[in-house]
């Protein structure tokens with residue numbers, strides 16, 4: 001671990017060379033970070049500190065501020081690729097600076113696969129504006145028409161006059177140059193960096209162990225905290241004995257945390273904290289605590305009992321969400337009916353690095369935080385609320401994240417560190433253990449679904465009924481919430497691509513007994529598992545090839561608007577005009593994945609192929625799995641083939657890595673992932689009871705194909721996960737004739 005030095009802003013400016021002045025392009029960003037966000041110029045004089053900027057220094061170095069969090073997805077590389085390309089900047093003369101948490105950066109929550117799809121035009125505009133301003137400055141300097149000048153290779157050229165000026169040489173001539181209102185973007189065929197595989201900016205630091213994550217933060221005179229929290233969500237401390245804990249060498253203090261709130265929001269969970277001079281002493285002191293708990297309203301929660309309640313709920317008539325045609329009449333007149341239930345349990349994000357944050361209270365009362373956070377503005381607001389400060393008095397420094405998957409967008413662990421730092425009067429680092437992470441997180445919700453279809457004499461699906469029931473993420477912010485949020489139903493439920501003339505979608509009520517949060521691809525996980533598996537079931541009911549049947553089920557090429565059938569739909573916050581639900585593109589990835597896998601080929605005995613396709617986060621992904629059953633009836637995944645249409649792709653290597661990672665992550669959820677509760681407490685505590693896919697279980701290969709599509713960027717980090725479970729389930733049926741309708745598969749005895 002390396003020390004973090006405390007430096008002033010003036011020192012920072014001196015060290016980075018900004019005191020010499022430069023061109024600063026500021027982006028005043030709306031929450032949605034739309035393409036029409038205002039931009040302006042300011043000449044740096046050594047006292048100006050940028051927000052979301054492209055800052056050109058006199059030495060020619062282009063500073064790019066990354067306002068998103070790096071957790072392995074490569075955003076600290078992809079974001080500058082866009083700006084540098086439009087700016088015609090030299091990649092070797094780029095310096096990247098991580099932005100702190102501040103609302104002036106716009107949306108900083110690195111979640112929902114939004115970093116590129118919501119910022120692409122904004123980033124292009126930043127680079128294109130800089131390029132055009134540099135051209136205009138050079139043209140004025142040389143007294144030539146700007147149209148005769150061009151920017152390339154980190155310089156402006158006027159070939160006819162023999163003029164040439166490096167970017168740094170033009171800084172002093174930019175003060176009076178107006179920002180172009182509508183800068184011209186480069187044509188895709190002229191891209192130098194966009195669409196190219198460029199190595200991670202942080203790759204060397206990550207692979208050599210010098211990169212700093214939240215857990216690596218070191219401050220002078222720092223204390224280390226380990227917190228014992230109530231095993232039951234909503235419970236609190238009755239009383240405790242800390243005598244033995246205080247006898248542990250290195251223990252400095254034992255502090256009772258504030259009781260948890262209802263609803264929980266992102267507030268601390270309460271409990272008792274042990275402060276020590278090192279992590280080991282803090283954890284040993286914590287083990288020595290004697291605590292009597294008031295387990296609160298969720299003390300009787302049993303996940304097994306709740307499973308039965310959910311299944312009953314989804315089998316009863318629910319609230320109508322979408323209605324197309326007359327489903328009831330179609331069921332009455334159908335030649336054949338098929339009905340089943342699907343179930344998926346609670347899940348934990350389980351990132352490699354559990355939550356970690358360090359906080360320091362300055363002499364003037366300001367709070368400074370270093371945290372592995374996906375959402376620094378949320379952390380800033382939560383800390384301000386906990387400490388009674390204005391948010392401007394809280395600085396959140398974003399470290400690298402050792403994975404996130406949605407967990408680190410919730411800032412409870414940051415608030416714990418801040419509260420303890422104020423209480424102790426010293427810097428405090430809070431480090432969650434793996435057990436803390438698995439037992440006290442914001443869990444992916446449990447769900448049950450009922451699907452029913454009628455099939456006419458021609459083997460066509462004439463009617464489709466789908467009911468879903470799950471505790472909503474809204475319960476984290478509204479204690480009485482029992483109904484799904486509109487946006488949750490837009491994740492693989494109301495946006496069904498199937499061309500079925502009669503469709504009815506309903507929801508059931510469900511109360512939360514754990515903190516509910518989002519996990520990589522959120523509700524798409526269980527909605528895709530049920531809908532894509534059920535489609536495969538129907539193919540076998542009518543005796544058709546599953547891939548061909550799925551193509552027929554999706555139907556003719558068209559663009560779908562769920563609101564036409566009465567559903568509320570947000571399309572991941574993007575317009576259906578720019579990011580349509582395009583069944584032609586969905587079928588294209590389906591056909592491509594089938595082609596990659598050699599669909600229809602002769603397979604070894606005991607092997608089967610399964611296919612699934614799903615659109616999420618504005619990207620369509622199809623996956624084919626080849627599996628087999630060994631002599632003992634255990635499942636083996638041999639290979640995965642994935643085709644995706646994510647529109648414009650910034651860095652193909654990063655996209656392939658995300659799809660490969662999604663394959664393994666999806667396999668972990670499919671084969672092993674399950675959080676259960678007994679007497680209100682989560683049972684699982686580490687990877688012995690919450691397994692992830694090991695090397696010996698991993699497929700020999702995950703083959704990824706990126707479709708070449710001229711369209712706005714879609715999401716990449718999450719869409720690869722949803723098709724994995726149904727593809728494996730369908731392949732298992734093809735191999736064995738046994739249908740698995742509940743996750744994880746290990747509960748069926750096949751893993």
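The values are calculated or read from the model by the stated rules, or taken from the named source; none is laboratory data. Just so you know, these numbers come straight off a predicted model, no measurement behind them. A quick note on method: Cβ atoms are made from the backbone with ideal geometry, for glycine too, and the neighbour counts reach across all protein chains shown.
The one condition from (1) on the phi > 0 side of the Ramachandran plot; (2) touching a residue at least 24 places away in the same chain (Cβ under 8 Å); (3) touching a strand residue (DSSP E or B) at 6+ places or on another chain (Cβ under 9 Å) that residue 598 does not meet is (2). Considered as a group, the residues in the range 163-178 that are surrounded by fewer than 17 Cβ atoms within 10 Å (Cβ to Cβ) and assigned to a loop (DSSP other than H, G, I, E, B) include one that is modelled with the highest pLDDT, and that residue is 178. The test for being in the same structural domain as residue 396 (by TED's automatic domain parsing) and either touching a residue at least 40 places away in the same chain (Cβ under 8 Å) or in a strand (DSSP E or B) (or both) does not hold for residue 199.
Within the range 316-343, being under 34 Å from the mean Cα position of the chain (by Cα), surrounded by 15 or more Cβ atoms within 10 Å (Cβ to Cβ) and more than 19 Å from residue 489 (Cβ to Cβ) holds for one residue alone: 340. Restrict the check to the range 110-119 and report whether at least one residue is in the same structural domain as residue 154 (by TED's automatic domain parsing), assigned to a helix (DSSP H, G or I) and crowded, with 24+ Cβ neighbours inside 10 Å. Scanning the range 110-119 turns up no residue that is in the same structural domain as residue 154 (by TED's automatic domain parsing), assigned to a helix (DSSP H, G or I) and crowded, with 24+ Cβ neighbours inside 10 Å. Once the range 146-155 is narrowed to residues that are out of contact with any strand residue (DSSP E or B) (no Cβ under 7 Å at 6 or more places or on another chain) and within 15 Å of residue 177 (Cβ to Cβ), the residue that is surrounded by the fewest Cβ atoms within 10 Å (Cβ to Cβ) is 146.
Quick one: count up the residues across the range 720-751 that are more than 24 Å from the chain's Cα centre (by Cα) and assigned to a loop (DSSP other than H, G, I, E, B). So the answer is 8. Among the residues of the range 314-335, none qualifies, meaning not one is in contact with a helix residue (DSSP H, G or I) (Cβ under 6 Å, 6 or more places away or on another chain) and either at pLDDT below 95 or not in a strand (DSSP E or B) (or both). In the range 244-264, the residue that is surrounded by the most Cβ atoms within 10 Å (Cβ to Cβ) out of those that are free of Cβ contacts under 8 Å to residues at least 40 places away in the same chain and more than 19 Å from residue 419 (Cα to Cα) is 250. Restricting attention to the range 564-579 and to residues that are within 27 Å of residue 107 (Cα to Cα) and free of Cβ contacts under 8 Å to residues at least 24 places away in the same chain, the residue that is surrounded by the most Cβ atoms within 10 Å (Cβ to Cβ) turns out to be 576.
Residue-by-condition table, conditions (1) more than 30 Å from residue 662 (Cβ to Cβ); (2) touching a strand residue (DSSP E or B) at 6+ places or on another chain (Cβ under 8 Å); (3) at pLDDT below 95:
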residue	(1), (2), (3)
390	yes, no, no
394	yes, yes, no
401	no, yes, no
413	no, yes, no
417	yes, yes, no
421	yes, yes, no
433	no, yes, no
437	no, no, no
441	no, no, no
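Every test in (1) touching a helix residue (DSSP H, G or I) at 6+ places or on another chain (Cβ under 6 Å); (2) assigned to a loop (DSSP other than H, G, I, E, B) is passed by residue 137 save one, and that test is (2). Count of the range 460-484 residues, restricted to those that are part of a helix (DSSP H, G or I) and in contact with a helix residue (DSSP H, G or I) (Cβ under 7 Å, 6 or more places away or on another chain), is 1. All of (1) buried (at least 16 other Cβ atoms within 10 Å of the Cβ); (2) touching a strand residue (DSSP E or B) at 6+ places or on another chain (Cβ under 6 Å) hold for residue 267 with one exception: (2). Checking the stated criteria, residue 512 turns out to be crowded, with 20+ Cβ neighbours inside 10 Å, assigned to a loop (DSSP other than H, G, I, E, B), on the phi < 0 side of the Ramachandran plot and within 29 Å of the chain's Cα centre (by Cα). Of the residues in the range 28-39, not one is part of a loop (DSSP other than H, G, I, E, B), out of contact with any strand residue (DSSP E or B) (no Cβ under 7 Å at 6 or more places or on another chain) and modelled with pLDDT of 55 or more.
Selection of the range 591-605 for residues being touching a helix residue (DSSP H, G or I) at 6+ places or on another chain (Cβ under 7 Å) and in a loop (DSSP other than H, G, I, E, B) yields only 599. Candidates are the residues of the range 435-460 that are within 20 Å of residue 229 (Cα to Cα) and over 20 Å from the mean Cα position of the chain (by Cα); the one that is surrounded by the fewest Cβ atoms within 10 Å (Cβ to Cβ) is 435.
So that you can scan it fast, the table gives a plain yes or no per residue for (1) over 18 Å from residue 411 (Cβ atoms); (2) over 34 Å from the mean Cα position of the chain (by Cα):
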residue: 240; (1), (2): yes, yes
residue: 244; (1), (2): yes, yes
residue: 248; (1), (2): yes, yes
residue: 251; (1), (2): yes, yes
residue: 256; (1), (2): yes, no
residue: 261; (1), (2): no, no
residue: 264; (1), (2): no, no
residue: 274; (1), (2): yes, no
residue: 283; (1), (2): yes, no
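Residues of the range 140-168 that are in contact (Cβ under 8 Å) with a residue 60 or more places away in the chain and out of contact with any helix residue (DSSP H, G or I) (no Cβ under 8 Å at 6 or more places or on another chain): 152, 153, 166, 168. Evaluate the range 365-377: report whether one residue or more is over 30 Å from residue 543 (Cβ atoms) and surrounded by fewer than 21 Cβ atoms within 10 Å (Cβ to Cβ). Within the range 365-377, one or more residues are over 30 Å from residue 543 (Cβ atoms) and surrounded by fewer than 21 Cβ atoms within 10 Å (Cβ to Cβ).
For the structure I just gave you, tell me whether residue 54 is touching a helix residue (DSSP H, G or I) at 6+ places or on another chain (Cβ under 6 Å) and assigned to a strand (DSSP E or B).
Spelling it out, residue 54 is indeed touching a helix residue (DSSP H, G or I) at 6+ places or on another chain (Cβ under 6 Å) and assigned to a strand (DSSP E or B).
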